[in-house]
Amino acid sequence: MTDGPCPTKLSATSASRPAIRTTTEQKDLQKDPMTQAQQTPTRPEPTGFTPPALHAAPLAGRRMVLATDLDGTFLGGSDGDRRRLYDWIEANRQTVGLIFVTGRDPAFIRDLCGGGDVPWPDYVIGDVGTTIARITSEGEIEPIAVLEEEIALTWDSSAARVRAALDGRAGLRLQPTEFRYRLSYDLDPDDLDPTAKATVEAMGFDVLISDNRFFDVLPAGISKGPSLRRLIDHLGLVETRVLAAGDTLNDLSMLALGVPAVAVGGAEKRLLDEVGHLPHVHVAEGVGAAGIHEAIATFGLH
Ligand SMILES: [Mg+2]
């Protein structure tokens, strides 16, 4: 995803990594050039964004906080739309907080922002809600133990049990990356074993099928929305000043939290079916980053 040079703030470990770790969405992008062309357009020229801790004020004191999905949302839209949003955020860091809420893992975010063409977030909710972390001034993604404690306890090293239960199930291909508190599969919806979801739910896990492409097994009760709730409470944010932004079903739990929210243009129809009628959700015409800008104006958040 990144094509720019590593900035000086990127850790040596991250900078020396030969390639971005394959993750849920990324694996799909790699195998499907058309999808890649649609979802990961060429980045604008790098401008050298720096980790936010260097100019940080507490998020609770900022005028608004954007809590946004990445693929199709913050990374969606035209080059010009993304450049306008990213430059606006960077010019207003003292009054705008930024939280990534994504299915991607920390390594992906480190490499994405380390390229210098996407603003660093202040906090990260990654791995479909199973990682809650802050960004250090060195560009490291540092899990917040007190917020992850319940996630770790609920997952309880369950990967081997879940893998065994789903081994050989039609329509599921285990992703090669190991995640800390979840298992993720690439999904072929036409071929999916109809008992697979019920099997892992009976074991006490949640299954999240998103964009008809991904089958995530998560600790019960853990997803983007509940983890964003934890972080909002932890940081003492004023809920009416938080904007949640997303485009597919794995964003449903955060768009339904009750904070101002936007389903950006191009959102998955099944997400719109769930949230389109909610008074606190703006259904944007603008695609990706343009939809975020549209919602900030619609809600008068800044
Ligand atoms: Mg998305």
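The values are calculated or read from the model by the stated rules, or taken from the named source; none is laboratory data. If you're wondering where the values come from, they're calculated on a predicted model, not measured in any experiment. Neighbour counts run over all protein chains shown; Cβ positions are idealised from the backbone, glycine included.
Which ones in the stretch 125-177 are under 14 Å from ASP216 (Cβ atoms) and without any contact (Cβ under 8 Å) to a residue 24 or more places away in the chain?
Of everything in the stretch 125-177, those that are under 14 Å from ASP216 (Cβ atoms) and without any contact (Cβ under 8 Å) to a residue 24 or more places away in the chain turn out to be ARG163, ARG173, LEU174.
List every residue pair whose Cβ atoms lie under 6 Å apart, where the two residues are 6 or more positions apart in sequence or sit on different chains, the first residue falls within the stretch 68-83 and is assigned by TED's automatic domain parsing to the domain that holds ALA284, and the second residue, located anywhere, is near the ligand (Cβ under 8 Å from one of its atoms) and in a helix (DSSP H, G or I).
As it stands, the answer is ASP69/ASP251; ASP71/GLU25, since those pairs meet every condition given.
Listed residues LEU59, LEU112; which is at negative phi, in contact (Cβ under 8 Å) with a residue 60 or more places away in the chain and under 14 Å from the mean Cα position of the chain (by Cα)?
LEU112
Considering the stretch 192-209 alone, what residues qualify as being buried (at least 22 other Cβ atoms within 10 Å of the Cβ) and modelled with pLDDT under 95?
The one that is buried (at least 22 other Cβ atoms within 10 Å of the Cβ) and modelled with pLDDT under 95: LEU208.
Are there any pairs, at least 6 apart or on different chains, whose C-beta atoms fall under 6 Å, with the first in the stretch 198-214 and closer than 17 Å to MET254 by Cβ and in contact (Cβ under 8 Å) with a residue 40 or more places away in the chain and the second within 16 Å of the ligand (Cβ to nearest atom) and among the aromatic types (Phe, Trp, Tyr), and if so, which?
Close Cβ pairs satisfying both conditions: ILE209/PHE215.
Given the options GLY114, GLY103, name the one that is modelled with pLDDT under 95, farther than 21 Å from ILE232 by Cα and in contact with a Ser or Thr (Cβ under 7 Å, 6 or more places away or on another chain). Steps first, please.
Values: GLY103 fails: farther than 21 Å from ILE232 by Cα.
Within the list GLY114, GLY103, the selection yields GLY114.
Please specify each residue of the stretch 212-244 satisfying the condition of being closer than 18 Å to ARG182 by Cα and among the acidic types (Asp, Glu).
Scanning the stretch 212-244 gives a single hit, ASP216.
For the stretch 233-251, enumerate the residues that are surrounded by fewer than 22 Cβ atoms within 10 Å (Cβ to Cβ) and out of contact with any strand residue (DSSP E or B) (no Cβ under 6 Å at 6 or more places or on another chain).
Result: ASP233, HIS234, LEU235, GLY236, VAL238, GLU239, THR240.
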